[in-house]
1. Between segment 64-78 and segment 355-373, how far is it from one alpha carbon centroid to the other, in angstrom?
2. Roughly speaking, what is the centre-to-centre gap between segment 208-256 and segment 286-304 when only Cα atoms are used, to the nearest Å?
3. Using mean Cβ contacts within 10 Å as the protection proxy, how do 324-333, 288-297, 85-94 order, highest first?
4. Can you list the equivalent-ellipsoid semi-axes of segment 154-212, largest first and in whole Å, using the square root of 5 times each Cα gyration tensor eigenvalue?
5. Place a point 7 Å from the Cα of residue 303 along the Cα-to-Cβ direction; which residues of segment 344-360 have their backbone N under 13 Å from it?
6. Over segment 73-220, what per residue volume does the convex hull of the Cα atoms give, in whole Å³?
7. Return the whole-Å distance between the Cα centroid of segment 129-202 and the Cα centroid of segment 16-58.
8. Please work out the FRET efficiency for the pair residue 368 and residue 254, using the Cβ-Cβ distance as r and a Förster radius of 22 Å; give the result to the nearest 0.05.
């Protein structure tokens, strides 16, 4: 089966998702991707840019069985601009994020035109995939609340059709080897996230200050993508914790990033917004002990509903004091010499379901089923009516 993939923001997690799936897929892929630059402009022009390119390729004799795109594409515009033969193909849109619940520092800054583009694209798609149940459910709720505020003709009924065709397809992660043995030393704590307010670095650093005042011996690595207007707490705490820092800032290569994961004893998240949590899954896969707030998509990652024993081991209530307390407890336990404890072994087993061979096989099957269903439906529509 031949799949046409359209990615207006072909970089970061969007690129990792497509590249990871294609590397394990049994299908044949053609990608149209644009650099991950100026996301608002990408959402505005990508439908025109892609339709022109796809029409040219179709006129040259290329064809496809399905279209797959991300939430950065205005799919309705694209389907209206391409040749009818392309517009009739079954389409899947994948929501890595959405522009209605994506965090902004000030809600007045949100451009709801892009949120409406997400709505129209979901309506135009045959299937709508979300990267987590948390993302799917929060999107549906927020969209209903958003439409209720419209002055008239709010298409609230259309949300029923979107919900009916929405499913969760978790992203995959590459296989990550764990370290053979731990180097001696104090507890090594890793915080790995975008350096933005929605990742709540203030809570993390406040907990580090509590540990320091309690005379707990520890080391930290604070890594992730940095921005021009990153929260000032980073520069402040780099100086305050300078003697305890192993790694700081963006890791230039994938290998550097993986080394940082393998060095860590504990992976900490303080996020107040997370659609899935790739870094957490990768850190666990590398053998780090997770401490996650019991919110967002994190209970889903470790399937907490079916593993309630994980609550006490791997989750905290999101507060500074509880995070510091849990880390202090871990600093005195056997974690520093026996990382692959029975609890962590169970955690590792749960996240195996996110490895790319399994995820790619499932998504291959689902998209093939959609194509088969569409072909059968179209064939029946062409049969003479009696």
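What follows is calculated from the coordinates using simple rules that are stated; it is not laboratory data. The shown structure was predicted, so the numbers you read here are calculated from the model rather than taken from an experiment. Heads up, the Cβs are rebuilt from the backbone with ideal geometry, glycines too, and the neighbour counts pull from every protein chain shown.
1. Result: 17 Å between the Cα centres.
2. Result: 21 Å between the Cα centres.
3. Values: 324-333: 17.2, 288-297: 21.7, 85-94: 19.3.
For the peptides 324-333, 288-297, 85-94, the packing ranking is 288-297, 85-94, 324-333.
4. Values: eigenvalues 331, 99, 12 Å².
Listed largest to smallest, the semi-axes of segment 154-212 are 41, 22, 8 Å.
5. 346-355
6. Numbers: hull volume 25.3 nm³, N = 148.
Spread over its residues, the Cα hull of segment 73-220 gives 171 Å³ apiece.
7. Cα centres, segment 129-202 to segment 16-58: 22 Å.
8. On the way: r = 31 Å, r/R0 = 1.39.
Efficiency, from the Cβ-Cβ distance: 0.10.
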